[in-house]
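Worksheet: the structure to be examined is printed underneath.
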Amino acid sequence: MAPHTIRYVGYLSLALLLIAPQAAAIEAGTLPATTAGAMAQAASPQAIAEYRRKLKEYLEARAAFDQEADAYWNSIADKRRGRNAKRRERQTITLDDYVLTQPPVYAGPRRPVNPSPEAVEPREPRERKRIPVVADLLKAAAEHFQFAPQRPAGELEFKRAYARAASAAGLTREQAVRVYSFETGGNGNHDMQSGLSASRPGSRAISTAIGYNQLLTTNSVELLAEQGPEFVKALTAKAALLSGSQRQAMDHKIAVLKRMVALARSVPDEWAQHEKIGNMPQGWAIHAMVLDIDVGPLLQTHKLLTSVIFARARGFMRPLTAAELEMMNLTGDGTGLDMVTMPQPMREQVPTSNFFQRGGYERNPVAIRNNTVAKLLAVTDARMDSNSTLPGAKELAAAF
């Protein structure tokens, strides 16, 4: 998530620009009498003067806050760069390598309401970024790869396939079930998409995250780029045990998977490059593989397994708790490992803001409320405890 710094400038000039043409229209008599009368009453000289005074106070307070906040988040970035440099040199990370104060909170006056009505011409609605849903993924797979994912006969079939893949890869039942419980609320299906809910008519997808571990399109592209040949080997081994139409279907799936892997590997192994593919219909087609009974469990498993491997490669040998694994799953391996490797006394003192950029932090009420590493891990564990008692989580646990 890229940092966002909101600048509060130009509002006074904008207010004057909005007021002036309306006043001129009233004087010229070009507005209906009822509209002109309402505007004259709402935008009286006294109201305008009071609005300008309050707006000036607000802009000054907000500018002072932004200056303080900028300094704080710059120090967060500086400390992060320092920690990364120390890790490269295999030096010990201490409390001094973190910002130990909480982010500043704006406590000044609210932005006043403009007493003048809105401009007569309606504003153009902000265009929403297109978020593909399952139907779009299936359409893209058919159009670009002449392929339809093999869907499970029922959710239990997918859970059993996932349990087999996760166990074979070395993930524990506790890790898999508790992360599933956190990511899906304890009752999610293999095709559950973030933001969409059958119990909320009219709900909208808020991201491309799908499935037990909520993979994004970029995750699917990246996993095929990095693990694709292993997935092909796994499916080839399955194909050797099949015959007839089942063998033909598996051979076709393997051929499609190879083409998808080639596409994912056609760019440098970088998140930004994989994201570009993930935003294309061809990337949507790759993401459709999360729905497939053979490939989907492998993708879901390796989304977590890559974090385990990342931690081991950096000398963290003890098993990750489910909450620690979820931190790496949520924030990225490097940032998550920063929290995971922290001793408990440090966890209780280090603010969660150290692991975010400003825009992401300010949009994350959970991180704000649970504002130390210890609190964030504790609330994650608590949610896992609660959601693990739900039917979907119990069914997944029984599948192991």
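Miscellaneous remarks
- Within the stretch 278-299, being closer than 17 Å to residue 145 by Cβ and surrounded by 24 or more Cβ atoms within 10 Å (Cβ to Cβ) holds for 283, 284, 285, 286, 287, 288, 289, 290, 292, 295, 296, 299.
- Selected residue [open to solvent by less than 50 Å² (accessible area, probe 1.4 Å), touching a Lys or Arg at 6+ places or on another chain (Cβ under 9 Å) and at pLDDT below 95] from 188, 195: 195
- You will find that of 385, 381, 338, the residue that is in a helix (DSSP H, G or I), buried (at least 22 other Cβ atoms within 10 Å of the Cβ) and of a type in the set (D, E, K, R) is 338 and no other.
- Residue match in the stretch 210-233 (condition: without any contact (Cβ under 8 Å) to a residue 40 or more places away in the chain, open to solvent by less than 10 Å² (accessible area, probe 1.4 Å) and either in a loop (DSSP other than H, G, I, E, B) or aliphatic (A, V, I, L, M) (or both)): no
- Residue 307 being small (Gly, Ala, Ser) and open to solvent by less than 10 Å² (accessible area, probe 1.4 Å): yes
- Residue check for residue 327: assigned to a loop (DSSP other than H, G, I, E, B), out of contact with any His (no Cβ under 9 Å at 6 or more places or on another chain) and closer than 25 Å to residue 172 by Cβ: no
- Count of residues meeting criterion [closer than 18 Å to residue 101 by Cα and open to solvent by 10 Å² or more (accessible area, probe 1.4 Å)] in the stretch 345-363: 11
The values are calculated or read from the model by the stated rules, or taken from the named source; none is laboratory data. None of these values were measured; they are calculated from a predicted model. Heads up, the Cβs are rebuilt from the backbone with ideal geometry, glycines too, and the neighbour counts pull from every protein chain shown. Accessible surface is based on the protein model in full, side chains and every heavy atom, while ligands, DNA and RNA are left aside. Shrake-Rupley method; radii C 1.70, N 1.55, O 1.52, S 1.80 Å.
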